[in-house]
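**Student:** Quick one: this structure, given as structure tokens, is what I'll be asking you about.
The values are calculated or read from the model by the stated rules, or taken from the named source; none is laboratory data. Being a predicted model, the structure only gives us computed values, none of them experimental. Cβ sites come from the backbone with ideal geometry, for glycine too, and all protein chains shown count toward neighbours. Note: accessible area is taken over every heavy atom of the protein model, side chains too, but ligands, DNA and RNA are not part of it. Shrake-Rupley method; radii C 1.70, N 1.55, O 1.52, S 1.80 Å.
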Amino acid sequence: MAADMRLPTFQKSASLSVSAFDRKDLVVPGDVITSDTGFMRGHGTYVDDDKLTASVAGEVQRVDKLICVRPLKTRFNGEVGDVVVGRITEVQQKRWKVETNSRLDSVLLLSSVNLPGGELRRRSAEDELTMREYLQEGDLISAEVQSVFSDGALSMHTRSLKYGKLGQGVLVQLSPSLIKRQKTHFHNLPCGASIILGNNGFVWLYPTPEHLEEEAGGFYTSLEPVSLSDREVISRLRNCLLALAAHKVLLYDTSVLYCYESSVQHQVKDILKPEVMEEIVMLTQQKLLEQEG
């Protein structure tokens, strides 16, 4: 059995930005956020001896007089308009149950999906009987959060043509706190692959389609063989995402693309080696700083 052996490497850590120890917006449980009594207590905080104290590890967020702590590692707390990638877990009466990395299973109603062919009509008993022809257990979908129930469960819809059933690709499951909120979470990258950055931490990588099948109403999935070059690009992107997530770098189209460019000199399988991962992420952070500055 072949074993991969490497000599230990010593790298001097370059201080790219302000040290994590100097940051006032990062707290751990028990840290005093403020002793000013004029602030209101939000999620992730409690009052101890008239001092506002953190109850979770995370980032302090201030909105006017309200202070809350956003945990760095948490389940997905959805908001209306969030783009999510989920997996169908159950087909029920007039609805599908979807796993979206949140505390409770999300719901996709039969009335909230486009019918194949894009027909606009009321859903009948016939549609209810053929629900498994649209989506069945194990299918991956992209959707948008339509509303949030009182218990925190999410109701979703796929009425736009950009949402629907996902075909061939790779799912990467990461922490929701690493996904940067943007106007669009669907990106066609210049390297030849496309990415859906779900707000729930599920990221979908797939080959960029040559032409969009709009008449299918979101249920068309191509089963054409994916070329070797496309598979290599997707595998490289997947390893880049894991490297960025391991070093807690925010994920959005620019950071993923810079990381991909920095990794080109290495083989796909080498990207996840600790020393290579550190080098690629450091180069990515430098490029991001140069772009901001």
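**Student:** Which of the residues belonging to region 161-176 are open to solvent by 20 Å² or more (accessible area, probe 1.4 Å) and more than 8 Å from the chain's Cα centre (by Cα)?
**Tutor:** Once the filter is applied, which keeps residues that are open to solvent by 20 Å² or more (accessible area, probe 1.4 Å) and more than 8 Å from the chain's Cα centre (by Cα), region 161-176 yields LEU161, LYS162, LYS165, LEU166, GLY167, GLN168, GLY169, VAL170, LEU171.
**Student:** Failed condition for GLU224, given (1) of a type outside the set (A, V, I, L, M); (2) surrounded by 14 or more Cβ atoms within 10 Å (Cβ to Cβ); (3) closer than 18 Å to PRO207 by Cα, with all others met?
**Tutor:** (2) is the only condition that GLU224 fails.
**Student:** Could we say that ALA57 is closer than 30 Å to VAL27 by Cα and of a type outside the set (Val, Ile, Thr) here?
**Tutor:** Numbers: closer than 30 Å to VAL27 by Cα: yes; of a type outside the set (Val, Ile, Thr): yes.
It is true that ALA57 is closer than 30 Å to VAL27 by Cα and of a type outside the set (Val, Ile, Thr).
**Student:** Right, TYR252: among the aromatic types (Phe, Trp, Tyr) and closer than 24 Å to VAL276 by Cα or not? Lay out the reasoning, then the answer.
**Tutor:** Values: among the aromatic types (Phe, Trp, Tyr): yes; closer than 24 Å to VAL276 by Cα: yes.
For TYR252, the condition - among the aromatic types (Phe, Trp, Tyr) and closer than 24 Å to VAL276 by Cα - is met.
**Student:** Next up: Which residue, of SER155, SER160, SER142, SER147, is under 29 Å from PRO225 (Cβ atoms), part of a strand (DSSP E or B) and of a type in the set (Ser, Thr, Tyr)? Break it down stepwise before answering.
**Tutor:** Numbers: SER155 fails: under 29 Å from PRO225 (Cβ atoms); SER160 fails: part of a strand (DSSP E or B); SER147 fails: under 29 Å from PRO225 (Cβ atoms).
Result: SER142 is the single residue among SER155, SER160, SER142, SER147 that is under 29 Å from PRO225 (Cβ atoms), part of a strand (DSSP E or B) and of a type in the set (Ser, Thr, Tyr).
**Student:** Next up: Within the bounds of region 177-185, is there any residue that is within 13 Å of the chain's Cα centre (by Cα) and among the hydrophobic types (A, V, I, L, M, F, W, C)? First the steps, then the outcome.
**Tutor:** Just the residues of region 177-185 that are within 13 Å of the chain's Cα centre (by Cα), to begin with: 177-182, 184-185.
From what's left, among the hydrophobic types (A, V, I, L, M, F, W, C): 178-179.
Within region 177-185 (the criterion being within 13 Å of the chain's Cα centre (by Cα) and among the hydrophobic types (A, V, I, L, M, F, W, C)), the answer is yes, since at least one residue qualifies.
**Student:** On to the next question. Restricting to region 56-79, give me the number of residues that are part of a strand (DSSP E or B), open to solvent by 40 Å² or more (accessible area, probe 1.4 Å) and over 19 Å from LEU250 (Cβ atoms).
**Tutor:** 3
**Student:** Let me ask something else. LEU115 - would you say it is more than 26 Å from the chain's Cα centre (by Cα), in a loop (DSSP other than H, G, I, E, B) and touching a residue at least 40 places away in the same chain (Cβ under 8 Å)?
**Tutor:** On the way: more than 26 Å from the chain's Cα centre (by Cα): yes; in a loop (DSSP other than H, G, I, E, B): yes; touching a residue at least 40 places away in the same chain (Cβ under 8 Å): yes.
Answer is yes for this residue.
**Student:** I've got another one for you. Which residue pairs have Cβ atoms closer than 6 Å, lie 6 or more positions apart in sequence or on different chains, and pair a first residue in region 282-293 that is among the aliphatic types (A, V, I, L, M) with a second residue that is in a helix (DSSP H, G or I)?
**Tutor:** Pairs found: LEU283/SER262.
**Student:** Find the residue count for region 263-277, including only residues that are part of a helix (DSSP H, G or I) and open to solvent by 30 Å² or more (accessible area, probe 1.4 Å). Step through it out loud before you land on a result.
**Tutor:** Here is the first cut: in region 263-277, the residues part of a helix (DSSP H, G or I) are 263, 268-270, 274-277.
Narrowing further to those that are open to solvent by 30 Å² or more (accessible area, probe 1.4 Å): 268-270, 274-275.
Number satisfying all stated conditions: 5.
**Student:** For region 77-91, does any single residue satisfy the condition of being among the polar types (S, T, N, Q), in contact with a helix residue (DSSP H, G or I) (Cβ under 8 Å, 6 or more places away or on another chain) and within 30 Å of GLU126 (Cβ to Cβ)?
**Tutor:** no
**Student:** Here is a further query. Can you find, within region 223-259, the residue that is farthest from PRO209 (Cα to Cα) among those that are in a helix (DSSP H, G or I) and among the acidic types (Asp, Glu)? Before you say what the answer is, go through the steps one by one.
**Tutor:** Taking region 223-259 and keeping what is in a helix (DSSP H, G or I), we get 228-246, 253-259.
If we keep only those that are among the acidic types (Asp, Glu) as well, we get 230, 232, 253.
On the way: ASP230: 11, GLU232: 16, ASP253: 18 Å.
Only one residue fits best here, namely ASP253.
**Student:** Considering only region 1-55, state which residues are more than 27 Å from PRO176 (Cα to Cα), open to solvent by 70 Å² or more (accessible area, probe 1.4 Å) and at pLDDT 75 or above.
**Tutor:** ALA3, SER35, ASP36, THR37, VAL47, ASP48, ASP49, ASP50, LYS51
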